[in-house]
Amino acid sequence: MSNEGASDLKLFRDALTGLPVSHFWRGYGSTIFLEFGHLKPRTRQSGKPGNPQGELGLMIHWSWRIENATSILCGSWSEEPRWEPTFDLLRNKRVVALSLVGRLPEIVVGLTEGLYVSSFMTAEGDPQWTLFDRRFDTVRWLCVRDGELKTELAKDRD
């Protein structure tokens, strides 16, 4: 990992550590979103309420798994009736660790009570996860592009 990538990861790790999983929701297909810290309401373009956004967030497009200290509790290929009860276990747990594993960086979020959320891409291309830092006017994203950690910036639209 480059010095820049390590520095960016540390910024996200420092910001996430101690924050609760305030909201957990499913996107399209098996995409999951974890929202951390204080929540901000969101309105969809249609005018309907959307899922709230946390100060920081994690999106894992596919594939993912949720683990405890000794086993995989549920994953993106598990039967869907297992998902919601497992998601419920994560709500209000606090972040205790953030790390990357593998030659192509996959993300692992460690939570209180020995729970973990991990990405693990199983198709061609890059790992499909993104961390969002929405605490400031400019939103910072940490993701993987061409096998390396990249930081992208976007002006907050809200």
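Each value in this text was obtained by applying a stated rule to the coordinates, not by laboratory testing. Note that the coordinates shown come from a computational prediction; the quantities given were computed from them, not determined experimentally. Neighbour counts run over all protein chains shown; Cβ positions are idealised from the backbone, glycine included.
Given springs between every Cα pair under 10 Å in a Gaussian network model of the chain, which of Pro41, Pro105, Pro20 has the largest fluctuation?
With Cα springs under 10 Å in the chain, the top fluctuation among Pro41, Pro105, Pro20 is at Pro41.
Averaging sequence separations of C-alpha pairs under 8 Å and six or more residues apart, then dividing by the length of the stretch 66-158, give the relative contact order as a whole percent.
It comes to 18 percent, rounded to a whole number.
Rank by packing, highest mean first: peptides 111-119, 66-74, with packing defined as the count of other Cβ atoms within 10 Å averaged across residues.
Sorting 111-119, 66-74 by mean packing, highest first, produces 111-119, 66-74.
If you put +1 on each Lys and Arg Cβ and -1 on each Asp and Glu Cβ, how big is the dipole of the chain around its Cα centre, in Debye rounded to 20?
Here the size comes out at about 440 debye.
What dipole magnitude, in Debye to the nearest 20, does the stretch 18-101 give about its Cα centre under +1 on Lys/Arg Cβ and -1 on Asp/Glu Cβ?
300 debye
Choose one of Val144, Gly102, Phe24: the residue whose Cα lies farthest towards the positive end of the charge dipole of the chain (beta-carbon charges +1 Lys, Arg; -1 Asp, Glu; about the Cα centre).
Checked the options; the winner is Phe24.
Based only on other Cβ atoms within 10 Å, what is the fewest-to-most ordering of Ser46, Ser63, Ser78?
The most exposed by this proxy come first: Ser46, Ser78, Ser63.
Could you work out the relative contact order of the chain, using alpha carbon pairs under 8 angstrom and six or more residues apart, expressed as a whole percent?
21 percent
When a footprinting reagent is the concern and you count Cβ atoms within 10 Å, what order do Glu80, Glu148 take, fewest first?
Ascending Cβ contact count within 10 Å gives the list Glu80, Glu148.
Just one of (i) 24, 20, 13; (ii) 21, 21, 16; (iii) 44, 17, 12 is semi-axes √(5λ) of the Cα gyration tensor in Å calculated from these coordinates, so which is it?
Evaluating semi-axes √(5λ) of the Cα gyration tensor in Å on these atoms matches (ii).
Rank these for me by crowding, Lys150, Lys40, going from fewest to most other beta carbons within 10 Å.
The fewest-first ordering by Cβ neighbours comes to Lys40, Lys150.
Under a 5 Å amide H to amide H cut-off, with H placed in plane at 1.01 Å, what residues pair with Cys74 once short-range neighbours are removed?
Ile66
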